[in-house]
Amino acid sequence: MASPFSMLSLISRRKPAHKRVPTTEDVTQQDQQSLGGRIKAATSKKTKKGLRILQDEASSSKSSITQIAETRVDEKSASTKEPSVSAVPPPVIAPVLEVRDVKVPEQEWTEVEAAEKEAEKEVVKEEGQGEKMVVNQVLALDENGEIETPSERGSGEQPAADEGATNGHDETIAPQEEAAPSIHHSLVVDEQPTDTAHTQETPGESDRVETKDDILTAQNHLEEEKAVLTAELESTRQEMLRLKDDFGLKEERISTLQTENSAMARDMHQMEGQLHALQVDNDTKDGEISTLRHDYEQLSETVQRLRSELDRTRGELEAEKFAAQSLEHTAAELKLQLKQVRDDMLHASEGQKVKEDEVMKLETNRAEVKKQLLQLHERFHSTERQNRMLEDQMRRQVDDLQMAKVASLSTPKLPGAFPVTSNGRADVPIKESLVAPMNALNAEIFQTAAYMADTLESEASGAEEKKDPTSREPDEAVIARVNEAVGSQLIQLLKSMSSQPTADFDPLPVQIALQACFNHCCTRIIASWYPGHWEYSDFLATLYSRILGSENPTSAAKWRATTRAQFKSSAEASEEMTAYICDYLVDLASVVGWTDHVSKAQELIGVFKERIHVITDLSLRLNNMIGEDANLDDLEPMLIKADTLFNPDIMEDAYAEDDQESSANNWMAERAMCTTDMGLQIAARGNGIATVILKPKIILCSILEEFL
C-alpha cells in the first residue's frame, strides 16, 4: 500500500538519474525466516496477542515505505529546482505468511478473518486519502513551482504511516530491516525527456503540464498496486483456508490421540495397581519364606542339640550304671568297715571317758595348785614388805636411840611422853623454813624440764625416726595416768605438735608438760606417809584422820610425828622414787609420741637420771621436814588440778606480765591447764578452810591459742 507522502517524490524541477529503491529480492532469506519464526511463535500462543503482533508488523512495513518516500523527496527538493521527474510509486505487497503445522483454535481463526477484513477497509481508505493529498499538494504549488510539504508547513499533521509506528499497546516497533522483510515494493523515478520545442514556453505553464502528467502516472501506479494487493490478499485467503482444513484434520487427529492416550493411561493405571498388588503379595511371600527358613534353622538347631543331649544322657546313664555297680560293691565293703569302726568306737569311748575323768582331776588339782601359788606369792610379797618395813624401823630406831642418847645427856627424860625429834632448829619457825626448800625444788624442776625440752628439740631436728613396726600404742591405764598428771588439753597439744615437721618444733609446751609431770610425782612423794609404799601410806593417812576425829589435836600431832619418824626416808627410798618419776616420764613420752618404743623412751629418760635424782632428794627432804615436828600443823604441798577455775587468791599465773591485771580482772573466764610451781598450805580440819602459805603457779588454758 502506498503512502500519501510517496507522491511527493514525483514532483521535482530537474530530471535526476534513475535510481532503484530496494525491493523484495534485496531482503535476505534470514530476515524472512526470522519473520516466519515470529509469526509461528505468535500463532502458537493461541491468544489475541499473536494477532496484534501481526498487525504491528504490517503497520511497521507501512512506516518504512513512508520514511523511504520522504527521504527521496527531501533529496530531490534540496538538490535542484529543475522540472519534476515522474516516478512510479512502488507497489506494496502484503506479507505472505507461511504458517504450517501450527494448531490454531477456531476462535482465533475467526479473529484473523475479521482482522483481514478490517485491513482491506483501511487500505481502501488510505488510497482515497492519498489521492486527495496528492491533489491538495498539486494545488498548493507556489508561484515558483515548489511543493509545500507537511514538514515545511509545520501544521503538526502526521502522516498516516506515523500512526502505525506504535501499536495499540504502546509497544516500540522494531527497526526497518526487521519490521518488513517480506514487503515487495519498488520506486522507479523516470526521467522526462527534454523537449527543445517547448523551450520557449514560460516556466509556469511547463510546470503545470508536467505535474498533471505525473499525477496521472501516479494514479496508474496506484491502480496497479491495488490489483497486486488484491491478488496477494486472495492468495492469503486461500492459504488460510488450507491451513484451516489442516488445522481441523490435526485437531481430529489430536482428539483421537488424546482419547487413545486417556485409554492407555487408564490401562496403565490399572496395570500399575495390579503391579503394586503383585509386589505386596511378593513381599508377603518373601517374608513368609524368610520366617519359614528361620523356623527351619531353629528346629534344625534344636534337633541337633537334643541329639547331643540324648547322646550325652546315654553316656551319663552308662557311667551312672557303672558307678552304681561300683557303689553297691563299695557300700557292701563300707558296711563291713562301719561295723568294725563302731566296735572300735565303743572301745575308744570307754577309754575316752576314763581319760576325761583323769583330765578333770588334773585340772582340779592344777587350779588348787595355782591358787596355792598365788597365796604363797602374796604371802611372800607381804613378808617382803614387812621385812623392809622392819628394816626401816630398825634403822630409824637405831638413829632415834643415838639421838635420844645425845639428848639425854642434856635434858631429863619425861615418863609417859611421846619422843619428839628435833634438828636443833627450834628457834626458826618451821613454816617459814619450808618455803625455801619448796622454792628450791620448783627451781630445780624448772631447770631440769627446760634442759630436757632443749635436748628433745635437738633430737627431733637431728633426724626423723622411722616408725618401728613392732611398736604398740600405750594402753588405756597408761593414758589415764598421764592425763591425770599433765591434763588432757596439754596432751592433745603435744600430740598435734609431734605430727608436725621438725622445723616447727616449739620446746615451751614440752617444758610445761615436764614441769606438770614432775610436780605431780613430787607432790605425791612429799605428802606420802611412807613414800614408795602407797597402800600403807594411804592406810596410815586414813588412820590419822580417824585419830583427829576422836582425839585432841595435840595428841594426834604427837602420834603423827612419832609415826612419820618411824618411816623416815632412806637411800633405798631415794632410788625407788627416782625410778618412780622416770616411769612417769617414759609414759608421757610414749603417749605424746616423742618416741615410738618404750625401750627408746627409757633410754632417752635415762640420760637425765642424775638430775631427776636431785629432784627426788629434795622431795624426800621436804617429806621428812613436814612430818618430823609434833608442834607443826598439818602442812601439805599444794597442786592445782587441770580445768580448775582460776582464783588469784590461792594461785598465780606463771606467765602474767607485771603491768597487766588480766589475771585479777578476768579470772572468772579463765581455767588452769596445769601447775608449773608447787605451793604450800595448811590442811583444813573438819569444815574449815585451808590456809595458803605459798601460792602455786599455774598455766592458763588461753596460752594454748598461741600454739594452735
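Details
- Taking 0.36 nm per residue of sequence separation and removing the Cα-Cα distance, the Q304/E610 pair yields an extension gain of 100.4 nm.
- Point-to-point label distance, S255-A579, nm (Cα→Cβ direction, 7 Å offset): 14.8 nm
- In nm, spacing of pseudo-spin labels at S570 and R685 (7 Å Cα→C-beta vector): 3.3 nm
- Full extension of the segment from H269 to E535, taken as 0.36 nm per residue of separation minus the current Cα-Cα distance, would add 83.2 nm.
- Computed from label points 7 Å out along Cα-Cβ, the spacing between T217 and L233 is 2.8 nm.
- Annotation: amide H-H contacts under 5 Å for E636 (H modelled 1.01 Å from N, sequence separation of 5 or more, or interchain): Q681, A683.
- Length added when fully stretched, R314-S262, from 0.36 nm per residue minus Cα-Cα: 11.1 nm
- Legend: calculated FRET efficiency, L401 to D506, from the Cβ-Cβ distance at R0 = 60 Å, rounded to 0.05, equals 0.60.
- For M673, residues with placed amide H under 5 Å, excluding near neighbours: D643, I699, L700, C701
- By the count of other C-beta atoms within 10 Å, a proxy for reagent exposure, S702, S528, S300 are ordered fewest to most as S300, S702, S528.
- Long pairs among K121/K212; K117/K226; K568/K697; K121/K226, criterion Cα-Cα beyond 24 Å: K121/K212; K568/K697
- Applied to the stretch 326-337, the Karplus parametrisation 6.51 cos²θ - 1.76 cosθ + 1.60 on θ = phi - 60° returns per-residue 3J(HN,Hα) values of 5, 5, 4, 5, 5, 4, 5, 5, 5, 4, 5, 5 Hz, with x for Gly and Pro.
- Net charge of Cβ neighbours under 12 Å - reference G487; Lys, Arg +1; Asp, Glu -1: 0
Readers should treat all values here as calculations from the given coordinates under stated rules, not as data from a laboratory. Worth saying up front: this structure is predicted, and the values here are computed from it rather than measured. Every residue, glycine among them, receives a Cβ derived from its backbone with ideal geometry; neighbour counts consider all protein chains shown.
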